[in-house]
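Undergrad: I have a structure here, written as structure tokens, and I will follow up with some questions on it.
The values are calculated or read from the model by the stated rules, or taken from the named source; none is laboratory data. In this text the structure is predicted, and so the values were computed from the model without any measurement. So basically every Cβ, Gly included, is an ideal-geometry build from the backbone, and we count neighbours across all protein chains shown.
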Amino acid sequence: MNQLKSRAPHAEAVLPGALPDDLRAELIAFRRDLHMHPELGNQEFRTTAAIKARLEKAGLEPQVLPGGTGLVCDVGEWDGVTPMLALRGDIDALPIPDTKEGVPYRSTVPDRAHACGHDVHTTCVLGAGLVLSDLDRQGLLPRPVRLLFQPAEEVLPGGAADAVAAGVLEGVGRIIGVHCDPKVDVGRIGLRIGPITSACDRVEVSLDGPGGHTARPHLTTDLVTAAARVATDVPALLARRVDARAGLAVTWGRLQTGHAPNVIPQHAELSGTVRCLDLESWRQAPDLVQEAIDEVAGMYRAKTVVDYVRGVPPVVNEAETIGLLDAAMTIRRGSYAIEDTEQSLGGEDFSWYLEKIPGAMARLGVRAPGDTRGLDLHRGNFDVDEEAITVGVELFTAAALLDA
């Protein structure tokens, strides 16, 4: 992570783009408002309107994405040639209840919660955009920056794919983002070159046969046994056909068949997930999974239909962009505020952008000092130390100023 420290100016230099106190207070209030009014993917109309209104108040010209939610907004005028840096924040919430107690910003919407920190991501990008807009008016922004407020990150295959199709990357040469990490202390970030998340797909399998009496399984297709073998043998078979370091794993969450103890059924269904640590193996996964299912089911003469639903590839952080984030955080908080982070098994549709252009995602520390509650993402009691907003804004502004 230190190979591009030369990006940073001399230690005695002061980089502009710090977050003013009045704007810090406004952003905390903005984040709390989003937290109180969470919206699911592709339904973020109130959130979109709030972001749009604040950007327009700053004299910017945000454009709502074609689906009616999410926005893109350029800070500075693009010359049509110089590649821009994009800052991405996701804006959707989760369909779970907010179970926090004793906070004034608890969700007011039943069974909806910002339990993955998207309200923080959004506020960081908004705050960075406002600070950079002020710098642009002073002639201190070296090149334009694109703000991307993306809907539907939590909806497979992710709103990023739709955003790319809408042309949000036109003119963009590099993209960065952050994701809240409740295992990292506030004031710190986690960085990793290479894959930082995993691929996650969904697979649905239908097995069919003529059915029959359990007294004569040899005269028909024993569909229960076939389904059981698919459930147990397919993961084992894949483990011997892919490098173990790829971490390709099929895990079943549902197996359903049969209605009577003495009747061999005509239909069985299995549903599960396919997770993978390695990008190249993820690209091969649909064919490998289909082949393994057909091979196992074929031994029992079961007809198969496989619906393999692409989710997201792993987020693979580019080394040069990690160097940019490393330099940005070093000049803002010092090198001690950076830690190495592990690859997670979670999925993130930020990966769709990295299929097109270089970029990276950092883990943003949100754990309050001394907090021993063990808060985690996608739980109803998830919350953050709001100092993380300042850290995220200043990380983004420093990266934008250094990426010249």
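Undergrad: Ala228: out of contact with any Pro (no Cβ under 9 Å at 6 or more places or on another chain), modelled with pLDDT of 95 or more and in a strand (DSSP E or B), yes or no? So that I can check it myself, show each step before the final result.
TA: On the way: out of contact with any Pro (no Cβ under 9 Å at 6 or more places or on another chain): yes; modelled with pLDDT of 95 or more: yes; in a strand (DSSP E or B): no.
Against the criterion (out of contact with any Pro (no Cβ under 9 Å at 6 or more places or on another chain), modelled with pLDDT of 95 or more and in a strand (DSSP E or B)), Ala228 does not qualify.
Undergrad: Additional query: Please go through region 180-202 and give me each residue that is within 30 Å of Asp294 (Cβ to Cβ) and out of contact with any helix residue (DSSP H, G or I) (no Cβ under 6 Å at 6 or more places or on another chain), ordered by number. Walk me through how you get there before you give the answer.
TA: Looking only at region 180-202, we keep the residues that are within 30 Å of Asp294 (Cβ to Cβ), and these are 195, 197-202.
Of everything in region 180-202, those that are within 30 Å of Asp294 (Cβ to Cβ) and out of contact with any helix residue (DSSP H, G or I) (no Cβ under 6 Å at 6 or more places or on another chain) turn out to be Pro195, Thr197, Ser198, Cys200, Asp201, Arg202.
Undergrad: What are the residues in region 13-32 that are in a helix (DSSP H, G or I) and either β-branched (Val, Ile, Thr) or free of Cβ contacts under 8 Å to residues at least 40 places away in the same chain (or both), if any? Before you say what the answer is, go through the steps one by one.
TA: Taking region 13-32 as the starting set, the residues that turn out to be in a helix (DSSP H, G or I) are 21-32.
Selection gives Asp21, Asp22, Ala25, Glu26, Ile28, Ala29.
Undergrad: So Glu339 ticks every box in (1) surrounded by fewer than 17 Cβ atoms within 10 Å (Cβ to Cβ); (2) part of a loop (DSSP other than H, G, I, E, B); (3) in contact (Cβ under 8 Å) with a residue 60 or more places away in the chain but one. Which box is left unticked?
TA: Unmet for Glu339, out of (1) surrounded by fewer than 17 Cβ atoms within 10 Å (Cβ to Cβ); (2) part of a loop (DSSP other than H, G, I, E, B); (3) in contact (Cβ under 8 Å) with a residue 60 or more places away in the chain: (2).
Undergrad: Being at positive phi and at pLDDT below 95 narrows it down to one of Gly76, Gly59, Gly70, Gly102, so name that one. Step through it out loud before you land on a result.
TA: On the way: Gly76 fails: at pLDDT below 95; Gly59 fails: at pLDDT below 95; Gly70 fails: at pLDDT below 95.
The match here is Gly102.
Undergrad: Let me ask something additional. Determine if region 307-320 includes at least one residue that is closer than 28 Å to Arg174 by Cβ, assigned to a helix (DSSP H, G or I) and not assigned by TED's automatic domain parsing to the domain that holds Thr251.
TA: Taking every residue of region 307-320 in turn, at least one turns out to be closer than 28 Å to Arg174 by Cβ, assigned to a helix (DSSP H, G or I) and not assigned by TED's automatic domain parsing to the domain that holds Thr251.
Undergrad: I need every pair where a residue in region 350-361 that is in a loop (DSSP other than H, G, I, E, B) has its Cβ under 6 Å from the Cβ of a residue that is surrounded by fewer than 19 Cβ atoms within 10 Å (Cβ to Cβ) and modelled with pLDDT of 95 or more, sequence separation at least 6 or different chains.
TA: Pro358/Glu318
Undergrad: Surrounded by fewer than 22 Cβ atoms within 10 Å (Cβ to Cβ), more than 25 Å from Ala113 (Cβ to Cβ) and assigned by TED's automatic domain parsing to the domain that holds Pro38, is that true of Gly359? Break it down stepwise before answering.
TA: Working: surrounded by fewer than 22 Cβ atoms within 10 Å (Cβ to Cβ): no; more than 25 Å from Ala113 (Cβ to Cβ): yes; assigned by TED's automatic domain parsing to the domain that holds Pro38: yes.
Considered against the rule, which asks whether it is surrounded by fewer than 22 Cβ atoms within 10 Å (Cβ to Cβ), more than 25 Å from Ala113 (Cβ to Cβ) and assigned by TED's automatic domain parsing to the domain that holds Pro38, Gly359 comes out as no.
Undergrad: On to the next question. Which one of Ile91, Ile96 is under 19 Å from the mean Cα position of the chain (by Cα), surrounded by fewer than 23 Cβ atoms within 10 Å (Cβ to Cβ) and of a type in the set (Val, Ile, Thr)? It would help to see each step written out before you state the result.
TA: Details: Ile91 fails: surrounded by fewer than 23 Cβ atoms within 10 Å (Cβ to Cβ).
It is Ile96.
Conditions tested, residue by residue: (1) surrounded by 12 or more Cβ atoms within 10 Å (Cβ to Cβ); (2) closer than 25 Å to Ala285 by Cα.
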{"site": "Glu204", "(1), (2)": "yes, yes"}
{"site": "Gly211", "(1), (2)": "yes, no"}
{"site": "Ala215", "(1), (2)": "no, no"}
{"site": "Thr221", "(1), (2)": "yes, no"}
{"site": "Ala231", "(1), (2)": "yes, yes"}
{"site": "Pro235", "(1), (2)": "yes, yes"}
{"site": "Leu238", "(1), (2)": "yes, yes"}
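Undergrad: Give Gly365, Gly346 a once-over and let me know the one that is touching a residue at least 60 places away in the same chain (Cβ under 8 Å) and within 14 Å of His121 (Cα to Cα). Write out each step before concluding.
TA: Working: Gly346 fails: within 14 Å of His121 (Cα to Cα).
Criteria check complete, one pass: Gly365.
Undergrad: Also, I was wondering about something else. Check whether at least one residue in region 203-219 is in a strand (DSSP E or B), under 28 Å from the mean Cα position of the chain (by Cα) and of a type in the set (S, T, N, Q), and report yes or no. Write out each step before concluding.
TA: At the first step, the residues of region 203-219 found to be in a strand (DSSP E or B) are 203-208, 212-213.
Filter once more, keeping what is under 28 Å from the mean Cα position of the chain (by Cα): 203-205.
Still in the list and also of a type in the set (S, T, N, Q): none.
Within region 203-219, not a single residue is in a strand (DSSP E or B), under 28 Å from the mean Cα position of the chain (by Cα) and of a type in the set (S, T, N, Q).
Undergrad: Another question, then. List every residue pair whose Cβ atoms sit under 7 Å apart, with the two residues 6 or more apart in sequence or on different chains, where the first one lies in region 283-300 and is in contact (Cβ under 8 Å) with a residue 12 or more places away in the chain and the second, anywhere, is among the small types (Gly, Ala, Ser) and part of a helix (DSSP H, G or I).
TA: Every condition considered, the pairs that remain are Ala297/Ala226; Tyr300/Ala226.
Undergrad: To continue, here is another question. Could you please find all residues in region 116-167 being acidic (Asp, Glu) and under 20 Å from Trp352 (Cα atoms)? Break it down into steps so the answer makes sense when it comes.
TA: Restricting attention to region 116-167, the residues satisfying the condition of being acidic (Asp, Glu) are 119, 134, 136, 153-154, 162.
Residues satisfying the conditions are Glu153, Glu154, Asp162.
Undergrad: If Glu280 meets every condition in (1) part of a helix (DSSP H, G or I); (2) surrounded by 14 or more Cβ atoms within 10 Å (Cβ to Cβ) apart from one, which number is that one?
TA: (2)
Undergrad: Quick one: what pairs do we get from region 381-400, first residue in the same structural domain as Leu364 (by TED's automatic domain parsing), second of a type in the set (Ser, Thr, Tyr) and buried (at least 24 other Cβ atoms within 10 Å of the Cβ), C-beta under 6 Å, 6+ apart or different chains?
TA: Taking only residues 6 or more apart or on different chains, the pairs are Ile389/Thr123.
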